Structure formats: structure tokens, C-alpha cells
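J.: Once you've had a glance at the structure underneath, I'll fire off some questions.
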Amino acid sequence: MIHQDHSVELRPKLVGKRVKRTEDPRLLTGVGQYVDDMAPAGMLHIALRRSDQPHARILNIDVGDAFSVPGVVAIYDASDLEGEIKPAIPASRMPGYYATPIWPLARGKVRFVGEPVVAIVAESRYAAEDALEHISIKYEPLPFAIRQVDAAKDDAPLLHEEAGTNTIIRREFKRGDVDAAFEDAAVTVKGRFRMTRKTAAAMENRSYLAEWDSRKQSLTLYTSSNIPGVIRDVLSGCLDLPGTRMRVVAPDVGGSFGGKGSLYGEEILVCALARKLKRPIKYISDRLEDLSATSQAFDELIEAELAVTKDGMLIGLRADVIGDVGAYSIYPWTAALETVQVVSFLPGPYRMEHYRGRIQGVLTPKPPTGPYRGVGRPSSTFAMERLIEMAARKLGMDPVEFRRKNLVRAEEFPYRTASGIIWDKSAFQECLQGACDHVDYPALLRETDKARKEGRWIGIGLASYAELTGIGSRISVAPGMPINTGTETSKIEIDATGAITAAFGISSHGQGLETTLAQVIVDELGCKLEDIEIKHGDSSLVPMSSGTYASRSAVLGGGAATLAARNVKAKVLRAAAYLMEQSVEDLDIHDGIVTSRNSNLTMTIKEIATAVYTQMGRIPRDQREDLTASETYDPYLGTACSSTHLAMVEVDPETYSVKILRYVVAEDCGKIINPMIVDGQVQGAVAQGIGAALLEEIVHDDQGQAVAASFADYLVPVASSVPDIGIVHIEADLPNNIGGFRGMGEGGTIGAPAAIANAVSDALSHLGVSVETLPVTPERIFQMLRSKIRPLDASPQP
Amino acid sequence: MNRHAGGTKRVEEVSFAGEVADDMKPAQFDYIAPTTIDEVAAALAAAEGEGKIIAGGQSLMPMINFRLVKPTILIDINRVAGLDRIELHGDRVRIGATVRHHMTAADAIIRQHLPIVHEAMHHVAHMTVRNRGTFCGSVAHADPATEMPMMTRFLGGTVIAYSQRGRREIPAAEFFVGSLVNSLEPDEFVIRVELDAMRPDAGWGFEEFAKRHGDFALACFATTLHCVDGMASDVRVGMMGVGETPLRLEEIEGIIEGTDVSEPVLDMVADRLAGILMPNTDIHASADYRRHLSGVLAKRALRAAWSRAKTKGFKHNE
């Protein structure tokens, strides 16, 4: 243990401070380095011909005069790569699961519009694009079912014949006797909820550059990925190269939001072709390719029903979910990531005994679904929080009071949910209260009543949720997935100049982890912020890594950094104790200076480093130790992060446009490392959630074509779509995790769609309609009001 | 491709230019930037229908980058002197071919003589687009859901086309043929659009609805009218986003003309609109919703226009 005294306690800590992001000067002045900024000598470019068919057999590929275009080097289809690579298999231990293999170019069949079929390699992207026009592909169109309900039928055309079915996933989570609970229930409510398909729409499109080093017979892939470690490990297998000859680097990355968090065939492709052609190969996707071939989100049909006692206690929940997983499994997350999380998290932060959640994951000829900020929980929270509001309304209870009754209370933690997730301890009740206090909820209700009397359509909606973040080795992030997502390594070195390098397996792509992890290290090690360089996003830094996803990096990276910094600090102090002739217990480090409470002697870390490394014999060789440490942290269970969102909206009674009047988030992410960064994450994620609630929708028409092919049709929120967002931080302590940090990068997208859906439903409540599909566009409100075919609640009042 | 590492600043710039070229998406084309309209006309004629005029490029470049349009030559008119002006000529306002949206939005003549155009400019895309895009370019692009073609149709506009064969004046009613289709001959280009200036006593209303500010309109209704002895006179009605071209709706004008623009009149307008409009269904809105929205916007615009006209109407009575 580190010796503590009052002087140490009084020293200012960086954790908890609004430290300006150290990565921003380079990113904001245009000197960041993204994949597309790299141009090694001799580099070639790829352009891809993608399928314009949703499901078809490839009969013939004719390259025509493509080679007549100056600069064209080579043209490949799947058959040219058979001997070069092995496919990636997104395996899972889930029973009955079929893992579709991942090849970079379509083999025999195409299975969605946008799937790569032919790669043209040329001296410039321009030449490659010109040559694409000469390629003609003859297809035999095959029958397909574009909607999941049709694809799930027994006689539906099969997308992958090898699977023998389109329904490649079936799971059931249950506890208790849910059907009996429903028989006993005083009140039941149900709905058929749907979050339509989304895409992550990061600012930087997916970008890859592979370099083959003939001298070392090794490959380096520069990728816009947020999981370079996972990519290294899988490519090592696909390309049969050991880790010493297969390095994956994620340089500056312009956002992911999940979309860059899986292996892509193009990553295999640039690597295979760089090795084959012995030249650097670059592929940069354009926005159309990003919208049509980057992994997409959600797209479940959730039929859910909630049973409640007459005094408003939740007793049972049952749900049947059909997930539209798209045409392929993705690596490493499998096709089950999204749908399984929906039923895992559906019971939410509530106390409830009886549960049954069933899912089917169905293949359809669309881009694969994959990680998207919030994974599963935006959909599950939308469904559950709508049910909560519907039940409260039916009981005549205030939805806040109803939630207060049912949210797990402080004394009940750790609480095992009906689906088996363990909430360690988090401020569920306090977040609800915090959001209500922030807006003066009773006053807001009065304001709403007054506005309604004037004929305005105003509504208030809440959403309370909990998510599992910083997941350790006990559970796989995706079900049955054979990769390790539960540990993170930090390697800290003080070099001979006294500079400090801290290397991680995480891969910051907008989270500001270069700043937050340095803050943690400063507090633990006692050095100066500017003396630390945080390295990340490079598979060569630590032996095993995965990356940054699933709200894990502050928890796991921060924990590993703490352990490694403590270890290095102990070594510095041992060296200092010898050099200063003091007892280790009397020494401490602050601002890079070692002081003793028994002496006026001081030494800087730089002086100690010089003594250790440079001045031979200064420290006896049996006492001399390098000022380095590598530590791995495994939080084992992971930790709950919870929040309540509250939205007040106004619906125009004539145009049906929705305007957000008030928005507040009360959240508990444990110990806050940097409040400015947490605020930024909340603001950004709520904006993204507003997009999901009101605007964004990937639409495939009945012909299987992707209709939203540009940002004129895929509508992301703009500045005028996002209101001021009030943020209340509640820092519940977390004794079991090093540092007490909880992950919080995803929460906004989880709470916002549900809160807005509830608020819009409330605003429309006098009209007898209920929001069950998001985004709730003016068109959808128009259609609901016109038909009114669905009453607020189908089940009879007892 | 030879790349030079290091070296002088000049060499770095050359290699940077090479990088940009690598990333281009369009099919190959030639480029010319003439300085007179006759040179433009000659180049366009020489292209034999395969040439495209570029001014702001805000509609053309995306189409070129998607290779939906593959011109053999781009003829840049930005260096032609004298096309970047807005002028009042009698009772007509002339807008030259290189007048940018931001110029239209800030122009004093527009603000005074065409306040409805000034208002409409608030709905035109975003700052970056407004800084480059041009009024006449948008008219030539003939998108039925954009403001400039609508204003041209609505305000009795005339498109002045030019070619080696000389000048041709095309009334807006004949200019807009279909969605993204105009009646220019292949060798003609737009040098100017002329619009009726509004009378000082005109009341006007402009209501546009889009999912996000600056997006293409789901529907838009514009009107000008005058109040003479308490009755609506000289009513004009235009719409966009609800047909293959921008619309001038004489039938609706007829319903309003001579009335007191009361709520029953507005109801009649909304009912009739639902009957005559044939909007598209797309991923953003159904035809039925657009019809509904048209009635809503019509009422709002007419109320605003009538309220403005009434305050000016009696002043006008001589």
C-alpha cells in the first residue's frame, strides 16, 4: 500500500477536473493523421463494384475494356482470392447458431445491395473508378424475403443454403412462471414496438491501407477500426501470419459509434492484395458505400407485454422479438449481438420476478446489423419504458411515482435481473429524482396542463435505464463469442529522459482517452500531465488487446493504468529512497518531484530516471530496476451505469412536427474522470438518440434496394434538431472497481429514443394513439391519427 | 506515379494536388473558364449536348460524383463579368447567373421589392451551400422541391437563355417541364432570371415545411395578394414539393380572389388543394400527408399574407 498522510489528501487531483482534451490541438488544427492522410510511395487504390441485386447468383463477370484505362493494375473477384486467404468465422457457442463465413468478395451469390463483388486495383482511385464502368456482371436474380416476418417463415427463400434456415438464432431467457403472473395480474399492457434500421454515420468513412514489408515479410494494416487488437488477431488467422508479422494500427479515427467496430471484408482485401502485389493498397469508402455497406443497427420487432399488480408493482414481462440481422454474421460479435441484448436488457432497472424473452434472429438480404452506440438497449429501453408509461397511465398513477415504486432500491443491490444480469450498485432512484428536481417536475406538469388548455399538444416523457459497462471476463460482450473482451492491459515506462509512455490496447476514436487516462496516471504516479504520452490504437503495444467499445475503456483502461502506475511509482520511490537516503515510507511524488517529509531534499522523476538508466553504477546492480510496469485489469462482472432522461415535447397539431422543448439527463457514471468529456458524451449521444427518435431511418424497398443513399435522404440530426440539454451528475461510489469508474459513452442513445417516444405519446394521449415505431416522423403521426386502428392498450381492464 | 519526398514548399504543393486528383470520383471531363458569354456559348455549342455549365456546383457536382451525369466538358461561367448582379429594371428584378444564394438573401433590392424571396432564402439549405450555390443554377436544375424555381414560376418569372443563336426569353411556365427537366436547348444556358417586383401594398405569405431546417421541402406554399376595399385582389399562389414542377395554382387564386380571405375561404382552399394536387410518395412523406400538409401551409400563408395586405390596403386606396 502507498503511504498516505494528510498532505497527500489535500493535494489537488486531476481526476474530476475539466482538463482540456490533449488530443484536440492536433485534431482541431487539421494536423491529425487519419488513414486517408497516409500515402506511402507506390501506393495503389481500390475501387469496388458492389452488388445492385439483393439476392442473385453471379453467372458471369466480364471486365470488358477495363484494362484499357490507363493506370489499372489488376482486377479481382472472389475466385482470385481463394488460395490467398481463409475466411473469418464469427463463431459462437450458442446452440444452433450458424456463423456465416466472411469473405471479402461475394462468392457465387450476392446477398445484399452493396455487397462487394469485384475489386479494381489502379494507380489512382480515379482510374479505378473509371475502370469500374467497364465491368459488367450477369446475375440470375433469386427470390428473397426482404422483411424479417417473411424471412422467418418456413417456406421463405434461403439466403444461406448451408444454414438450412433463415432463422440462425433462437434464444430464450426466462425466470419464474411468467404466464401465471399474467393470469394474476390486475393490469396488463402490451405493444408491438419497432426501432427501424439505422446506420452509425461517423464523420470519417471506413478507410483502410495495407503495407507489405518485403524485407520482413510482414503486413501492417492502417484502419479506421475501433478494435485494432481484434482485427489483428483475426487477420493473423485469415492471412496465416503470426502477430510479429501482422500489425494493425488505428491512427486518428473520425468516430465509429459502433459502425467501425467489426471486421470488414475490405480489411481482409487490402491486406491480401498488398501481400500479393507487394505494394501498399488503399481503400477509402465513400458516403454511399458507408450508408449501404457499413454494419447497421436495430431493426427488431418487439412484441412485449407487462403485468402489474393493482397497487402498481411489476410482476411479469414477456416478449417475443424478431431481429432482422441482415445478410451475414459479423466478426467477432456474431449476428446475435443486437437481438440477444434486447432480451437481456428488457427487464431494465426494475424489480420484477417473472420474465420470458424469446428472440429469433433472421437473415434478410440487407447489410449486416452490428454494434451501434447502445447496442440492443436503445430498442429494449424504448419497448420497456413505453410499457411502463402505458401501465402507469392505465393505473392512473404518475409515471414518476410508478417508476419510483419499481426501480431497484439502494438496499437491494446487488440485484439480479429476471434475465440474469447483475446490477452491482447504482443510483437508479437518485437519477430519477435528479432529473425531476432539475426541471421542477410538478411545475412542469402544471405548465403542460395550462398549455393543453390552450389547445397545444404538449407532453412529458421519461426513460430510466441501466446498462452494463466495463464488462470483465465473467461474461462475453456478445453471446458465446470466443474472444476475450474482459481484460485490458496498460504498460507504463519511464525512459532515460524521464518521459513517460503509457501504452494501452484500447483505441480512442473520439472519447478523449488520451486525456482521461493521463489524468488517472497523473494522480496515481505523481507526474505531470504533459510528461505523459498515451499510446493506443496499435496491436503491437501490448500482447493482447481488443479495442474501445461497449463503454469499457475508462473502466478497464483506467483500472489497468491505475495498477501499472502504482507499480511504477513504487519503483521510482525505491530508487529515490536509495538516491536520497530516505525511507520509502517518507517519500511521495507530486508534479514530477519526489519529496520527503523528513528532509528538504527533492529529486525530479527525470533525475531519478537519469540515475537509474544513464549513470552506470549509481544504483547498485542488485537494487537497480527499470522504471516500467505492465498490468492487466479484469473487473470480472462489469458495472451498472444508470440514468433517467426527461423530455418535454410539443407536437404541431397541424403539421405533426415534433419540437423538443426541454431535455434533461441525470446520470450515474460513478467517479467522473473529466466532467467536460462526460458532458460531451452525454450531449453527443442524446443528439444521436434524437436522430433515432425523430429522423433517421434506413429504408429498403420491396425490391431490396437501399433507398436512403445520401445524407439528403438519411437524415441525421443537425444543430437545430438538438435542444439545450440539462445534465445532472450523480456519482454513486463503486467500491468493487478500481477507480470507481463506470462506462458512460453510450447512455444518451439508450435513453433519448424512449424518453422522446413517451413524451410524444403523452402529447398525443388525448387522441388515443401510442408511439410504437421510431422514428416518430410527421408522416407516422399523420398515419396514426388517420387510422386510430390501434387503441392505447389492447388488453381488457379488469 | 512519382512522388517527391520533402523538398521545397512548391514541390509539396504539387504532390498535394496529385493527392486530390487521386480521390476524384467523376468520369473524366474537360474544363474551360471563359470570360464572355459568347465564349461560353461557343464552348457549349462545340460540346454538342455533352457540355454542362457550372456556376456554384451545389446540385451538379453531387450528380457528377455519383456519375449520374457525365459531361465531356464543364464550362465555368464564374469568370464572365457582369453576371453577378441583382438589378431593378422597371417593375422587374433581374438576377444574374452567378448571383449566390447568400447574395440574394442579403440584397437590399430583394428585401425591398421581393420580401417573399428574402423570406424564402431562409429555407435554402445551409451556409456552405448558400455561399456557392446560385439562384439561376437552381432554376436551371429545376428541382421541384427547391425555392428558386418556385419563386420564378410564382413571380411571373422569365428565364433569359443565351446561345450562339442569340437571346431567348422563356416564360417560367414553359421553362419547367418536369422534375429536373427544363426546356433549354442543348446549346443554351441561363444568363439571367427576371421576376415581377412586388407592389409596395402587397401582402405575402410563405410557409415551407421540411423535416430539418434547410432540407428539401415536403411541401411549400407561397402567396401574394392585395387588399382592395376589404377584398383580396391580384392573388398569386405557388407551391413546391407537391408535383413534378413548381406550381402556379390559378384555380386556387380564383377561389381567393374577391373574397375576404375568411376561414371558410381557407377551408375551401384546403379542400380544393387536396383535390388537385398529385404529390409523390417517397421515404419522407406519403402523397396523402403532403396533401394534408399543403392545406395546413396554405391556410397559414394566406392568413399571414392577408394580415399584411390589410395593414397596407387602405393606404393604397387613392
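J.: Tell me, what ³J(HN,Hα) does each residue in region A:416-432 have, in order and in whole Hz, if you take phi through Karplus 6.51 cos²θ - 1.76 cosθ + 1.60 with θ = phi - 60° and put x for Gly and Pro?
T.: The phi angles translate into 8, 6, 4, 9, x, 7, 9, 7, 5, 4, 7, 7, 4, 5, 5, 5, 4 Hz.
J.: With respect to the cross-link table entries A:LYS453/A:LYS788; A:LYS535/A:LYS671; A:LYS190/A:LYS659; A:LYS425/A:LYS528; A:LYS17/A:LYS491, which display a Cα-Cα separation exceeding 30 Å?
T.: Violating the 30 Å Cα-Cα cut-off are A:LYS425/A:LYS528.
J.: Sort A:LYS535, A:LYS20, A:LYS138 by heavy-atom solvent-accessible area, probe 1.4 angstrom, most to least.
T.: The residues order as A:LYS20, A:LYS138, A:LYS535, largest area first.
J.: Using Cα-only point scatterers and the Debye equation, what is log10 of I(q)/I(0) for region A:1-154 at each q in 0.14, 0.21 Å⁻¹, rounded to two decimals?
T.: -0.89, -1.31
J.: Could you tell me which residue out of A:VAL362, A:CYS431, A:TYR415 lies farthest along the dipole of region A:347-433 toward its positive end? Charges go on the beta carbon: Lys and Arg +1, Asp and Glu -1, centred on the Cα centre.
T.: Among A:VAL362, A:CYS431, A:TYR415, the one farthest towards the positive end of the dipole of region A:347-433 is A:VAL362.
J.: A:ILE781: accessible area at probe 1.4 Å, nearest 10 Å²?
T.: 0
J.: Which one, A:ILE492, A:PRO482, A:GLY459, is farthest towards the positive end of the dipole of region A:450-496 when Lys and Arg carry +1 and Asp and Glu -1 on their Cβ?
T.: A:GLY459
J.: Roughly what % of Cα-Cα distances in chain B sit above 32 Å, to the whole percent?
T.: 34
J.: Can you quote the Å³ per residue value for the convex hull of the Cα atoms in region B:97-158, rounded to an integer?
T.: Spelled out: Cα convex hull of region B:97-158, divided by residues, is 79 Å³.
J.: Also, I was wondering about something else. My understanding is that a pair violates if its Cα-Cα distance is over 28 Å; which of A:LYS366/B:LYS211; A:LYS138/B:LYS25; A:LYS20/A:LYS260; A:LYS216/B:LYS25 do that in this structure?
T.: Pairs exceeding 28 Å: A:LYS216/B:LYS25.
J.: Moving to a separate point now. Binning every alpha carbon pair distance of region A:11-74 at 5 Å from zero, what are the percents per bin?
T.: Cα pair-distance distribution for region A:11-74, in percent: 3, 9, 11, 11, 10, 10, 9, 8, 7, 7, 5, 4, 3, 1, 0.
J.: How would A:THR628, A:THR485 line up by accessible area, probe 1.4 Å, largest first?
T.: So, going from the largest accessible area down, we get A:THR628, A:THR485.
J.: Work out the charge dipole of the protein assembly as shown with +1 on the Cβ of Lys and Arg and -1 on the Cβ of Asp and Glu about the Cα centre, then indicate which of B:HIS102, B:THR128, B:ALA270 is farthest towards its positive end.
T.: Of the candidates, B:THR128 comes out farthest on the positive side.
J.: For A:TYR139, list long-range residues whose amide hydrogen, built 1.01 Å from N in the peptide plane, is under 5 Å from its own amide hydrogen.
T.: A:LEU59
J.: Average the reciprocal distances over every distinct pair of alpha-carbons in region B:203-316, invert the result, and give the Kirkwood radius in Å.
T.: Averaging 1/r across every pair of different Cα atoms and inverting gives 14.0 Å.
J.: Additional query: What's the FRET efficiency of A:ARG624 with A:GLU530 using the Cβ-Cβ distance as r and R₀ = 35 Å, to the nearest 0.05?
T.: After rounding to 0.05, the efficiency reads 0.80.
J.: Which whole number in µm²/s is D for chain A by Stokes-Einstein, with the Kirkwood Rh taken over Cα pairs at 4 °C and 1.567 mPa s?
T.: It comes out at roughly 47 µm²/s.
J.: Can I ask one more? Quote the relative contact order of region B:203-316 in percent (integer), defining contacts as alpha-carbon pairs under 8 Å separated by 6+ residues.
T.: 34
J.: A:ALA88's amide H: which non-local residues (gap 5+, or another chain) put their own amide H closer than 5 Å, with H modeled 1.01 Å from N in plane and none for Pro or chain starts?
T.: Placed amide hydrogens put A:ILE102 under 5 Å from A:ALA88.
J.: Also, I was wondering about something else. Taking θ as phi - 60°, what are the ³J(HN,Hα) couplings along region A:308-315 by the Karplus curve (6.51, -1.76, 1.60), each to the nearest whole Hz, with x for Gly and Pro?
T.: Result, rounded to whole Hz: 9, 6, 5, 8, x, 9, 6, 10.
J.: Given the protein chains as shown and a 1.4 Å probe, how many square angstrom of A:LEU646 are accessible, to the nearest 10?
T.: 0
J.: For region A:546-576 and region B:157-209, compute the distance between their C-alpha centroids and round to whole Å.
T.: Rounded to whole Å, the Cα centres lie 68 Å apart.
J.: State, as an integer percentage, the relative contact order of chain B based on alpha-carbon contacts under 8 Å between residues 6 or more apart.
T.: Relative CO of chain B lands at 14 percent.
J.: Another one. Relative contact order for chain A: what is it in percent, counting Cα pairs under 8 Å that are at least 6 residues apart?
T.: The normalised contact order for chain A reaches 16 percent.
J.: Could you give the C-alpha radius of gyration of region B:86-196 expressed as a fraction of 2.2 N^0.38 Å, taking N as the number of residues it contains?
T.: 0.98
J.: Right, here's the next one. Counting heavy atoms of the protein chains only and a 1.4 Å probe, report the per residue accessible area for the protein assembly as shown as a whole number of Å².
T.: 38
J.: Could you put B:TRP204, A:TRP423 in order of accessible surface area, largest first, with the 1.4 Å probe and the full protein assembly present?
T.: Output order, biggest surface exposure first: B:TRP204, A:TRP423.
J.: Scan around A:LYS528 for amide H atoms under 5 Å from its own, H built in the peptide plane at 1.01 Å from N, and keep only partners 5 or more places away or cross-chain.
T.: A:GLY592
J.: Any idea of B:HIS122's accessible area? Nearest 10 Å², probe 1.4 Å.
T.: 100
J.: P(r) tail for region B:35-106, what percent of Cα pairs lie past 13 Å?
T.: 70
J.: Just to check I understand the Karplus step: with θ = phi - 60° and J = 6.51 cos²θ - 1.76 cosθ + 1.60, what whole-Hz values come out for region A:708-724, glycine and proline as x?
T.: Couplings: 8, 9, 7, 6, 6, 10, 8, 8, 8, x, 10, 3, 6, 8, 10, x, 4 Hz.
The values are calculated or read from the model by the stated rules, or taken from the named source; none is laboratory data. Since the model is a prediction, treat every value here as computed from it, not as a measurement. Counting neighbours? That spans all protein chains shown, and the Cβs are built from the backbone with ideal geometry, glycine included. Ligands, DNA and RNA are stripped out before the accessible areas are found, and what is left, the full protein with its side chains, is counted by its heavy atoms. Shrake-Rupley method; radii C 1.70, N 1.55, O 1.52, S 1.80 Å.
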